[in-house]
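Here is the structure we will look at.
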Amino acid sequence: MPASYQPHTRDDDPEHTVSQSLETNLRAADLTVRHLIDQKGRAVFSTSADETIGTVVRLLRDNDIGAVMVLDAQSSLVGILSERDIVRRLADTPGQTLPQTVAELMTRNVETCTLDDLLVSVLRRMTDGRFRHMPVMENGAVIGLISVRDVVRYRLTALEYEALQLKQLIVG
Ligand code: AMP
């Protein structure tokens, strides 16, 4: 199965518009994964366990991403492969890495989160576990992926919004 990109439609839940999530962002401790996914969109870059590393490195490069989820034929999550796994293997098997399969390099015990998890707790788990990617699950299926980069970008946008609001308050 070729590496694939499966865009999903945006969650149309009116309770979770971008502007509302930005306002909610003023209380950083209350933010959930749902807020970030509503803004980022639901998209999943995936590959299969029998794909080659040569194909995956092109997928990572072409889409400017650092990790890809590994799904089986039923679209169940069976692993995750990040650029770090590939760099380690390049050091271990110089000149012989690209023909190897995803199954040989991927991490099988994948830590996941749900839409209702707090962003701070997900960030804590990523920091403690020393990984930067977390698949988001809903009803047993992968519906997105958040990275440390996504969380930082989301918080920065919210802080800029907050600063603008404060400035408008002062200027009147
Ligand atoms: P990363 O920092 O995400 O590039 O990943 C560092 C290491 O952790 C690599 O070996 C990944 O395969 C692994 N990894 C990445 N994300 C997760 C996750 N959500 N659960 C478990 N391992 C992960």
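Quick check on my filter: what residues within region 89-128 are hydrophobic (A, V, I, L, M, F, W, C) and either touching a Leu at 6+ places or on another chain (Cβ under 8 Å) or in contact (Cβ under 8 Å) with a residue 40 or more places away in the chain (or both)? Spell out the reasoning first.
The initial filter retains those residues of region 89-128 that are hydrophobic (A, V, I, L, M, F, W, C), namely 90-91, 98, 102-103, 105-106, 110, 113, 115, 118-120, 122-123, 126.
Leu98, Val102, Ala103, Leu105, Met106, Val110, Cys113, Leu115, Leu118, Leu119, Val120, Val122 - these are the residues of region 89-128 that are hydrophobic (A, V, I, L, M, F, W, C) and either touching a Leu at 6+ places or on another chain (Cβ under 8 Å) or in contact (Cβ under 8 Å) with a residue 40 or more places away in the chain (or both).
Of note, Ala103 does not satisfy the criterion of being more than 21 Å from Val57 (Cα to Cα) and of a type in the set (Gly, Ala, Ser).
In the set Val44, Val57, Val151, Val120, only one residue is surrounded by 13 or more Cβ atoms within 10 Å (Cβ to Cβ) and in contact with a strand residue (DSSP E or B) (Cβ under 6 Å, 6 or more places away or on another chain); that residue is Val44.
The rows are residues; the columns are (1) assigned by TED's automatic domain parsing to the domain that holds Ile37; (2) more than 15 Å from Thr47 (Cβ to Cβ); (3) surrounded by 14 or more Cβ atoms within 10 Å (Cβ to Cβ).
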| position | (1), (2), (3) |
| --- | --- |
| Ile80 | yes, no, yes |
| Asp92 | yes, yes, no |
| Cys113 | yes, yes, yes |
| Phe131 | yes, yes, yes |
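Suppose the filter is more than 10 Å from the ligand (Cβ to nearest atom), under 14 Å from Met134 (Cα atoms) and of a type outside the set (D, E, K, R); does Val57 pass it? When the stated conditions are applied, Val57 does not pass them. Going through (1) in contact with a Pro (Cβ under 7 Å, 6 or more places away or on another chain); (2) among the β-branched types (Val, Ile, Thr); (3) in a helix (DSSP H, G or I) one by one, Thr127 falls short only on (1).
The values are calculated or read from the model by the stated rules, or taken from the named source; none is laboratory data. Predicted model, so just to flag it, every value in this text is computed and none were measured. Positions of Cβ are generated from backbone atoms using ideal geometry, with glycine treated the same way; all protein chains shown enter the neighbour counts.
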